[in-house]
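Trainee: Okay, handing you the structure first.
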Amino acid sequence: MSSTIIAASLTGSLHQFNRLLSRVTLKRQYDQLFLRITDDELAITQPTGEVSTYCTITDQYLHSIELRSDSPTLAIIDVDELHDYLNLATSKLLYLDFMCEPESDFASEVHIKDDLKRTVGISTPQTAFRPRRAALIANSHGIDPDCLSDVDNGRDTAEILHEELIRSMSTSQRGTIHSERSVEDRLYDLPVTEMRRLSLMQVYEWIHDNEFSVEYPEKEIAELYDQFDRSNRLLVSTGSKTAPASATIRTTQSVLEKIIEARELVGGQKTYPIIIKNGEFWLEVVSGAATTEGWLGAAKVEGPSLCNEYGPTFETVVEGMSGAVELQTAPENDLAFIQRDSGVIVRHVIEGIDT
């Protein structure tokens, strides 16, 4: 019999869970999410990519959020796997129980229940790092292990290996290199048939041997929480201090898409401007003799005049959203995309680029 206990529970409809996953992951841009469940709130984060995401949910959105232990329950979720198990739903209401081992705050299983009961094993942190195994995986696939010499943790190693594997095997239809190699080398072949299906999470698994595990980015998550004050205002750098973002633009995803479309038409460097001019939301995209400029629709514009530029992550975020959006920023600073619903606040943050 399992020694796990129910540490926390969520109750909601399939539509609520699927809509939440779509909004948080920017329509499935993420493989993995980090959950923190307290007695009145579910927090979902992904702080380790080019886009930092932080979402808070209360029982105004879900039917219930229940903590059954003395400390918050933490979970590391594979997005695709959770989505697939949720969609085996046989009724409108779903019950998710997060199961922890005694004395642990990390869930090792999620029980999803309606007429069917699904048990989903999930990752828990592992501090052990296997640099020799990572080097063998690299060597087995024709990658110089020296590319890993400056990293000392599984997450960074997996990211480098994933990038190198995709690059080195992009023209191969198989997940192995056909050459004269020892039996020991072949033990580290990646068990995939098409490299286009290779995921970052699979690489983590190979690094950590038989059981998938992942490091929990506790420091990065804490820093992401600290990027917003109690009124959900982005905190930005102003010299040696931090202060609430001075500029707010309330607009829509469809208006922000006009910035992307204008850049595509005008051409030039793929950067996207956020401009406040004379108290209005302004578009100005220039490349050579081609120019697009004028006022953009906004329900509210507050703050100083500014002209910030953002890279391709701007397009990633905008294309993953829909509906009303609040932008928060300051001159020469990060940009936060805020979306609010009853019981839900979704925040995506990207860095600016030097102009």
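The values are calculated or read from the model by the stated rules, or taken from the named source; none is laboratory data. Small disclaimer: the values here were computed from a predicted structure and weren't measured. For neighbour counting, all protein chains shown are included, and Cβ atoms are generated from backbone atoms with ideal geometry for every residue, glycine included. Surface areas here come from the heavy atoms of the whole protein model, side chains and all, with no ligands, DNA or RNA. Shrake-Rupley method; radii C 1.70, N 1.55, O 1.52, S 1.80 Å.
Trainee: Using only the Cα atoms of the stretch 1-43, what do you get for the radius of gyration and for Dmax, in Å?
Mentor: For the stretch 1-43, the Cα-based Rg and Dmax read 13.0, 39 Å.
Trainee: For a Förster distance of 35 Å, can you work out the FRET efficiency between the beta-carbons of LYS241 and LEU93, rounded to the nearest 0.05? Spell out each step's value before the answer.
Mentor: On the way: r = 48 Å, r/R0 = 1.36.
Once the sixth-power term is evaluated, E becomes 0.15.
Trainee: Still on this structure, I have one more. In nm, to one decimal, how far is the modelled label at SER322 from the one at ARG230, with both set 7 Å along Cα→Cβ?
Mentor: 3.6 nm
Trainee: Only four residue types carry charge here, +1 at the Cβ of Lys and Arg and -1 at the Cβ of Asp and Glu. Report the dipole size of the stretch 208-355 about the Cα centre in Debye, rounded to the nearest 20.
Mentor: Working: 12 positive and 24 negative charges, 145 e Å.
Magnitude of the dipole: close to 700 debye.
Trainee: P(r) tail for the stretch 219-308, what percent of Cα pairs lie past 20 Å?
Mentor: 48 percent
Trainee: Moving on. Given the Cα atoms of the stretch 64-120, and with Rh set as the inverse mean 1/r over their pairs in the Kirkwood sense, what is Rg to Rh to two decimals? Before the final figure, lay out the partial values.
Mentor: Working: Rg = 11.9 Å, Rh = 12.2 Å.
Answer for the stretch 64-120: 0.98.
Trainee: Using label points projected 7 Å from each Cα along Cα→Cβ, tell me how many nm separate LYS27 and ASP354, to one decimal.
Mentor: Taking the simple label geometry, LYS27 and ASP354 are separated by 3.4 nm.
Trainee: Can you compute the FRET efficiency between ALA289 and GLU261 using 1/(1 + (r/R0)^6), with r the Cβ-Cβ distance and R0 = 22 Å? Round to the nearest 0.05.
Mentor: Working: r = 19 Å, r/R0 = 0.85.
Efficiency, from the Cβ-Cβ distance: 0.70.
Trainee: Could you give the accessible area per residue of the stretch 242-355, probe 1.4 Å, as a whole number in Å²?
Mentor: On the way: 5080 Å² over 114 residues.
Heavy-atom SASA per residue in the stretch 242-355 reads 45 Å².
Trainee: Distance in nm between label sites at ILE5 and ALA222, each 7 Å beyond Cα in the beta-carbon direction?
Mentor: Using points 7 Å along Cα→Cβ, the separation is 2.6 nm.
Trainee: How big is the Rg/Rh ratio for the stretch 1-160, C-alpha atoms only, Rh by Kirkwood, two decimals? Numbers along the way, then the final one.
Mentor: On the way: Rg = 17.7 Å, Rh = 17.2 Å.
Ratio value, two decimals: 1.03.
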